[in-house]
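What follows is a short report on a single structure.
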Amino acid sequence: DCFDLDFDFNDASVLKNTGLLCNGDGLEISGDGTALVEGNAITGSGSAFDEAFDVAGTGVKTLKSNKAARSGGDGFDIAEAAHVLEKNSAKGNAQDGFFLSDDADNAVLTGNDASGNGEEGIHNEATGVALTDNKAKGNSLGQDFCNSATNSATFEDLGGNKFGSTTPPDQATVCINE
């Protein structure tokens with residue numbers, strides 16, 4: 001990994017780091033503490049299944065204005081809590097731009113952009129996800145947004161979302177790569 005951080009305390013900050021051609025995940029963040037992750041750029045992380053941003057842990061992590069490009073896996077892999085993603089960019093990653101696992105319930109995505117990724121732009125497997133002003137276009141599986149039927153995923157479209165191939169998204173949209 002370029003950066004492997006485990007926060008078990010609150011109010012940590014990870015600001016303005018750059019990872020280029022990382023061996024493994026670009027920025028891996030876990031732990032029970034809260035953290036602000038802002039203004040970081042990861043380009044070319046690892047091989048297959050290595051994420052640019054791998055975010056887990058029960059403490060809420062806020063990711064703001066980060067860039068994930070050309071990772072071997074997902075741009076942003078989100079798990080274990082209601083993390084907040086705002087104004088992040090996922091472009092040209094081998095898998096999903098944004099992947100929300102089935103335990104990322106009540107995550108909040110606002111103003112994010114996913115384009116040119118190898119699978120879906122935004123792939124949701126969680127429940128209660130809030131979506132506002134996100135954009136996804138030109139992702140390779142032909143699905144810019146998908147909601148997992150396998151995991152009974154749910155979301156709330158709070159407006160302003162623009163998904164090139166799936167407009168508007170609905171609760172029954174099934175992810176192709178399930």
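For segment 78-131, the Cβ-based charge dipole about the Cα centre amounts to some 300 debye (Lys, Arg positive; Asp, Glu negative; other atoms uncharged). For the peptides 127-134, 87-94, the ranking by mean Cβ contacts within 10 Å, running from highest to lowest, is 87-94, 127-134.
The residue list VAL84, GLY39, GLY73 was ranked by how far each Cα lies along the charge dipole of the chain toward its positive end, using unit charges on Cβ atoms, and GLY39 comes out on top.
Could you do me a favour and compute the accessible area per residue for the chain, 1.4 Å probe, result in Å²? Result: 41 Å² per residue. The candidate values are (i) 8.0; (ii) 9.0; (iii) 12.2; the one derived from this structure for mean projected area of the Cα convex hull in nm² carries the label (i). Between amide H atoms placed 1.01 Å from N, distances below 5 Å from ASN17 occur with ASN40, ALA41, all of them 5 or more places distant or on a separate chain.
When a 1.4 Å probe is rolled over the protein heavy atoms, the share of accessible surface on segment 74-123 that falls to carbon and sulfur comes to 43 percent. Rounded to the nearest 20, the size of the Cβ-charge dipole of segment 71-166 about its Cα centre is 460 debye, with Lys and Arg at +1 and Asp and Glu at -1.
Under a model in which nothing but the beta-carbon of Lys, Arg (+1) and Asp, Glu (-1) is charged, the chain shows a dipole of about 920 debye around its Cα centre.
The values are calculated or read from the model by the stated rules, or taken from the named source; none is laboratory data. Predicted model, so just to flag it, every value in this text is computed and none were measured. Backbone-built Cβ (ideal geometry, glycine too); neighbour counts: all protein chains shown. Ligands, DNA and RNA are excluded from the accessible area calculation, which covers all protein heavy atoms including side chains. Shrake-Rupley method; radii C 1.70, N 1.55, O 1.52, S 1.80 Å.
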